[in-house]
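First comes the structure, then the notes that go with it.
The values are calculated or read from the model by the stated rules, or taken from the named source; none is laboratory data. Everything quoted here is computed from the prediction, not taken from an experiment. Note that we place each Cβ from the backbone using ideal geometry, even for glycine, and neighbour counts take in every protein chain shown. Areas reflect the complete protein model, heavy atoms only, side chains present, ligands, DNA and RNA absent. Shrake-Rupley method; radii C 1.70, N 1.55, O 1.52, S 1.80 Å.
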Amino acid sequence: MYKKILVAVDGSENSLRATKQAATIAFLAENCSVEILSVADYSKTKSEVLYSESLEKLNLERKKRLKPAEDILQKQGVEYTVKILHGIPGPTIVSYANKNNFDMLVIGSRGLNTLQEMVLGSVSHKVAKRADCPVLIVK
């Protein structure tokens, strides 16, 4: 069934719900691992760097946002890894998923920036249209 699941996490409640679904699926499948993918959005990265005291502190803040997702997977007893990339979220997630041959991609239906999603379209919609693997969009 599923051996390799990618879950896109941005720290939002929806991404944590997506992580819970990925954890459940991975737990029920044998020998399944989950990879948490977080994309540092280029449009936000500049301001984060400018207002951060140091690069180490900035990286610590990014990892801190992923901690709740890691806790969900640990609690379920699921093997996981974490990957942080830089870029535009939709295309970066799709590119990474397609290059690494995941069996499934799990993503929340809405992220942190609802205004931008209304104007440009949601990241989850763009990912679902372009990913080669099955995509589970969690409400």
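Details
- Residues that are part of a helix (DSSP H, G or I) and either modelled with pLDDT of 95 or more or under 21 Å from residue 33 (Cα atoms) (or both) within the range 83-104 comprise 91, 92, 93, 94, 95, 96, 97, 98, 99, listed in sequence order.
- Scope the range 3-45; condition in a loop (DSSP other than H, G, I, E, B) and farther than 13 Å from residue 79 by Cβ; matching residues: 9, 10, 11, 12
- One residue stands out in the range 19-75 among those that are of a type in the set (A, V, I, L, M, F, W, C) and open to solvent by 100 Å² or more (accessible area, probe 1.4 Å): the one that is modelled with the lowest pLDDT, namely 50.
- Among the residues making up the range 105-138, those that are β-branched (Val, Ile, Thr) and at pLDDT 60 or above are 106, 107, 123, 127, 135, 137, 138.
- Sub-8 Å Cβ pairs linking a first residue in the range 1-25 that is on the phi > 0 side of the Ramachandran plot to a second residue that is of a type in the set (D, E, K, R) and in a strand (DSSP E or B), at least 6 apart or interchain, number zero.
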